[in-house]
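Structure first, commentary second.
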Amino acid sequence: VIFSLRDLRVFDLLQRLDRSASPAEELRLIHEIGTSASPRGQKELLGYLASPRFEVRVEALLAIENLPALESQTLEALATEVRRNPYTTAYLAARILGKQGGPGHLPVLREALDAQDYMLQGAAVVAVARLGDSPSRERIEDILIHTQIPRVRIQAAYALEILGDRDSVPALVSCLRREDPPAYISDELVLALADILGIMEG
């Protein structure tokens, strides 16, 4: 009566996870906890960020991403993940911070804008935009213009679209003028321009 059926299910999954000795079973249970979208297992999921198995850490982060509201302890653990684990799971932590973090997490995300890890850099440009970080707009434009990595260019264009500042139009247009850009990059640039200029429906 006290707990919802969803929360009771999560408690059951956590007990089974605690008893599990199989890595495959661990992954399956962590995934189920994430799809339940119950906040009850948040603290326990954080413990799996220290797992020696990469797949377990990834699944724990994906489960955390599905939770409806993250506690401050979880958000701080994600900020630590961004700093400590480039080239592996940092990009997932940055993506989650962009969705559920706050202004206090901007410093770590701004640092990640200069990351050598392109997955982290791409996640960071979208994350700072989602947090409304207008002061990072010029840095995002610089990344858009100078990166040779298609994924990062796409994410930078999307970040500028989120920020919605018309001053970004020249940077977007300059990328469109490049000789024979891949179609999927051109599409993203055109969509970003259309949204910023208010002509998306057309």
(request) Just name the residue that is farthest from the chain's Cα centre (by Cα) out of those in the range 150-160 that are open to solvent by 30 Å² or more (accessible area, probe 1.4 Å) and not polar (S, T, N, Q). (result) Pro150
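Yes/no per residue for (1) among the polar types (S, T, N, Q); (2) within 25 Å of Gly164 (Cβ to Cβ); (3) touching a residue at least 40 places away in the same chain (Cβ under 8 Å):
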| residue | (1), (2), (3) |
| --- | --- |
| Ala50 | no, no, no |
| Val58 | no, no, no |
| Glu65 | no, yes, no |
| Gln73 | yes, no, no |
| Thr88 | yes, no, no |
| Leu92 | no, no, no |
| Ala115 | no, yes, no |
| Tyr118 | no, yes, no |
| Ala123 | no, yes, no |
(request) Mind telling me which of the residues Ala63, Ala69, Ala115, Ala77 ends up being within 18 Å of Gln155 (Cα to Cα) and open to solvent by less than 70 Å² (accessible area, probe 1.4 Å)? (result) Ala115
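Yes/no matrix, rows are residues, columns are (1) under 25 Å from Leu92 (Cβ atoms); (2) among the polar types (S, T, N, Q); (3) at pLDDT below 95:
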| site | (1), (2), (3) |
| --- | --- |
| Val128 | yes, no, no |
| Ala157 | yes, no, no |
| Asp165 | no, no, no |
| Cys175 | no, no, yes |
| Gly198 | no, no, yes |
(message) If Ala63 meets every condition in (1) within 17 Å of Thr80 (Cα to Cα); (2) modelled with pLDDT of 85 or more apart from one, which number is that one?
(response) (1)
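The values are calculated or read from the model by the stated rules, or taken from the named source; none is laboratory data. Remember, it's a predicted structure, so these values are computed and weren't measured experimentally. We place every Cβ from the backbone using ideal geometry, glycine too, and count neighbours over all the protein chains shown. SASA here: full protein model, heavy atoms, side chains in, ligands and nucleic acids out. Shrake-Rupley method; radii C 1.70, N 1.55, O 1.52, S 1.80 Å.
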